[in-house]
Structure formats: structure tokens, C-alpha cells
Amino acid sequence: YQNISNSDFITKVNKYRDIMVNNGILEEDIDVLLSNSKDDDVKKSFLSKYGVDLAKIAIDVGGKVISLLAYLKG
């Protein structure tokens with residue numbers, strides 16, 4: 001997440017917001033993340049809290065299936 005631009009990170013989170021919520025990630029926590037997207041501590045806290053859940057969510061990016069965690073960090 002440190003190498004990704006803030007706008008790209010926000011775009012990625014918004015794109016998969018519904019999938020995250022449907023997999024048990026609290027919408028309130030996503031809102032906090034988006035409101036503080038420039039704060040690396042907030043990103044670290046979110047990824048620490050939900051890393052396992054995000055790793056279990058498989059998404060298709062350009063024909064390649066990866067975890068949502070890898071996608072958000074990339």
C-alpha cells in the first residue's frame with residue numbers, strides 16, 4: 001500500500017466495497033479508511049484487522065485471480 005497512489009487506493013477500495021461488506025468487513029471501518037486514506041497508520045490498522053478476510057476474497061484482475069489483499073497492497 002505504500003507504493004500505491006492515494007487515488008488508486010481509494011478507487012480500488014470503492015470498486016470492491018460491496019464485496020468487502022458482503023464478506024464481513026464493517027462498512028464503518030471502510031469509511032474510516034477512505035476518510036483517512038493518506039494516513040499509513042490507518043491503512044496498517046485496517047489491513048491488520050482484516051488481512052485474513054481480505055486474503056480469502058478472490059478477485060479477477062485482467063484474467064488473473066488474486067486475493068483482494070494482494071490487490072489493495074499492489
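Computed from the coordinates by the stated procedures, all read-outs in this text should not be read as laboratory data. As the structure is a prediction and not an experimental result, all values here were calculated from the model. Here the Cβ is made from the backbone with ideal geometry for all residues, glycine too, and neighbour counts use every protein chain on show.
With the simple model of a label 7 Å out from the Cα in the direction of the Cβ, Ile10 to Ile59 spans 1.7 nm. A Förster radius of 22 Å combined with the Cβ-Cβ distance from Ser48 to Glu27 puts the calculated FRET efficiency at roughly 0.75.
Projected onto their three principal axes, the Cα atoms of the chain cover extents of 31, 26, 18 Å, largest first. When shorter helices are ignored and each DSSP H run of at least 4 residues is given -39500 (n - 2.57), the per-residue value for the chain at 222 nm works out to -19000 deg cm²/dmol.
Based on Cα contacts under 8 Å between residues 6+ apart, the stretch 6-73 shows a relative contact order of 29 percent. Around the amide H of Ile57, modelled in the peptide plane, lie the amide H atoms of Leu68, Leu69, all under 5 Å away and 5 or more residues distant in sequence or on another chain.
When each of the peptides 44-54, 58-68 is scored by how many other beta carbons lie within 10 Å of its residues on average, the order from highest to lowest is 44-54, 58-68.
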